[in-house]
Amino acid sequence: MSEMSHLPQQEGAVAHGEHGSPPLPATATLIDVRSNNEYMAGHLPGAINVPVTHIEQDILHKIPARATPIILYCASGARSEQALSMLQQLGYTDAHNGGGAVHLAKHLNLDLQPGL
């Protein structure tokens with residue numbers, strides 16, 4: 001099952017998705033779509049790792065409710081955009097591209113954490 005993360009936001013700031021897309025939800029499941037090695041090197045607190053290469057096979061097991069708010073991220077935003085498209089095709093209705101891990105962490109005032 002998924003774990004919802006309450007995303008801290010900087011005073012007066014609204015977290016936006018990649019490329020000026022709508023604001024990110026304040027409570028969401030964070031999914032790191034990078035490889036396991038990239039995830040282990042540093043990820044957002046509470047994020048689960050579902051590499052983009054496995055997302056279609058694994059997402060229904062990790063997050064069965066398709067209305068769950070989800071924020072996807074990777075290194076630059078490209079793989080998370082790919083994953084977003086896949087999730088939308090699978091019927092997920094509240095998925096968002098958070099862009100790159102470092103950018104998203106900075107915007108949410110979080111530090112990347114290594115390991116599990």
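FYI, it's all coordinate maths here, none of it is from the lab. From a predicted model like this one, the values you see are computed outputs, not experimental measurements. All Cβ positions, glycine included, derive from the backbone under ideal geometry; neighbour counts span all protein chains shown.
Phi angles across the stretch 76-82 convert, under the Karplus curve 6.51 cos²θ - 1.76 cosθ + 1.60 with θ = phi - 60°, into 3J(HN,Hα) values of 10, x, 6, 5, 5, 5, 4 Hz, Gly and Pro given as x. Spin-label model, S85/Q113: points 7 Å from Cα along the beta carbon direction are separated by 3.3 nm. Using C-alpha pairs under 8 Å with a sequence gap of at least 6, the mean separation divided by the residue count of the stretch 33-88 gives a relative contact order of 41 percent. On the beta carbon distance between L60 and V102, with R0 = 22 Å, the FRET formula returns roughly 0.15.
Close amide H contacts of L30 (hydrogens built in the peptide plane, cut-off under 5 Å, sequence separation of 5 or more or a different chain): S5, I48, I71.
Suppose a student asked you for the relative contact order of the stretch 56-109, using Cα pairs under 8 Å spaced at least 6 residues apart; what percent would you report?
40 percent
Note on the stretch 26-107: Rg/Rh from C-alpha atoms, Kirkwood Rh, equals 0.92.
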